[in-house]
Structure formats: structure tokens, C-alpha cells
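What follows is a set of notes on a single structure, which appears directly below.
Any read-out appearing in this document is the output of simple, stated calculations on the displayed coordinates, not a laboratory observation. Everything numeric in this text was worked out from a predicted model, so none of it was measured. Cβ atoms come from the backbone with ideal geometry, glycine included; neighbour counts cover every protein chain shown.
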Amino acid sequence: MRLYVTDENQYQLLGWSAERAGVVNKWPDETYAFGIRDADAPSDPLRAVLAYNAFYGFDCHMHIASDHTRRWATCATLAVIFGYPFLVRKVRRVTLQFSQNNEKVSITGLKVGFKFEGIKRAGMEDGSDAIVMGMLAQECRWIEQPSRVSNGQEQSTIR
């Protein structure tokens, strides 16, 4: 399977992810999304959408919606997914919050490197409890950590 990551057509990406993530109203205006598409399938169907919002300078929230498979989570796609908040937006942590009833997101979060941080009582739109997980930039194995170059400026690359 050949996959590619796109940020084209934000309206479509956010609509697809809202439907699967259970967003009742709409994503906040600052939400930005990346879609992972299957290049070998007719009309490039979406396999997953990663949406980011709540940028508070040092932190952002990541939301995962998928086609209920994990085939989209390749090393290359994860490098882009985590490169955006850590390398482009320069946040030091990413927060993942999801319903306690969503075991698939919990497993995926742990497998890609998020750490369990707690439970937010009645933290979901439907009133259910939310699981909160986080990842710090220096813990992210999908990107190379910033290194100092001779001119003193930080430089990063995605691995």
C-alpha cells in the first residue's frame, strides 16, 4: 500500500474526521488537519485524519480519526504527523484526549509513544470521562531531535 499525507481541502478533512471522532458541533476555527490517503485505491480514499488545535504556545491537542485500521500509521506518515506540531509549530508537548470507551485510540496512542497522564471526569462532549495522554518533543521517536549547528541556530530533520 502506498500512502501519502496531504493538507489539501481542509473542509473535507475536518468533516471526515468530525464524523468519525464524534465531534457534535464543529472543530474550533484554528483546527488544522492532515489526511493520510491510499494512493493505490480508487479516488485516493482517506485512511486517517489527524487534526490539531488548542495551540497554547507550548502545547497543542491532537485528534485521531481513522478507517478503523492501523495501516495508515507508517514510519513515514508518523514523521509528518509529529513533525508538524514539534518541528513546524515548535510546541514542546502534544496532548491526546479521547473517550474512555475508545480502546483503539488508547492502544494506538501508547504504541506511537504517548504516555497516560490522567482522566478528565465528564471531559467529553457526551459527558463521558476522557483519557488524557501526552507526548513531549524530546520523547518523540518519529522525529530527529534538534541539534545545534555551527551558527548557533537549531536545525531539525524528520527521520
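Observations, loosely collected:
- Backbone N under 14 Å from the Asn53 label point (7 Å along Cα→Cβ), restricted to segment 20-35: 20-34
- Derived scalar couplings ³J(HN,Hα) [segment 124-136; Karplus, 6.51 cos²θ - 1.76 cosθ + 1.60; whole Hz; x for Gly, Pro]: 9, 4, 8, x, 6, 6, 10, 8, 10, 10, x, 9, 8
- Positive-end extreme of charge dipole, segment 1-61 - chosen from Tyr52, Trp27, Ala41 (charges on Cβ): Ala41
- Shape class for segment 56-106: oblate, because the ratio a/c of the largest to smallest gyration tensor axis (alpha-carbon atoms, square roots of eigenvalues) is 1.5 or more and b/c is at least a/b.
- Rg/Rh, computed from the Cα trace of the chain with Rh as the Kirkwood radius, has the value 0.97.
- Using R0 = 41 Å, the C-beta based FRET efficiency linking Leu136 and Ala39 works out to 0.80.
- Here segment 1-79 is treated with +1 on each Lys and Arg Cβ and -1 on each Asp and Glu Cβ, and its dipole about the Cα centre works out to around 280 debye.
- Dipole magnitude for the chain: computed about the Cα centre from +1 point charges on Lys and Arg Cβ and -1 point charges on Asp and Glu Cβ, it is near 520 debye.
- Listed values for segment 49-59 are Karplus-derived 3J(HN,Hα) couplings in whole Hz (6.51 cos²θ - 1.76 cosθ + 1.60, θ = phi - 60°), namely 10, 10, 10, 10, 7, 6, 6, 10, x, 10, 9, and x replaces Gly and Pro.
- Extended-chain gain in nm, criterion 0.36 nm per residue less alpha-carbon gap, Asp126 and Asn101: 7.8 nm
- Fraction of beta bridges assigned by DSSP in segment 15-127 that are antiparallel (%, nearest 5): 75 percent
- CD proxy at 222 nm, helix term only [per DSSP H run n ≥ 4: -39500 (n - 2.57); per residue of the chain; nearest 500]: -6000 deg cm²/dmol
- 3J(HN,Hα) from dihedral phi, segment 88-98, Karplus parametrisation 6.51/-1.76/1.60, rounded to Hz, x for glycine, proline: 8, 7, 6, 7, 9, 8, 10, 10, 10, 10, 8
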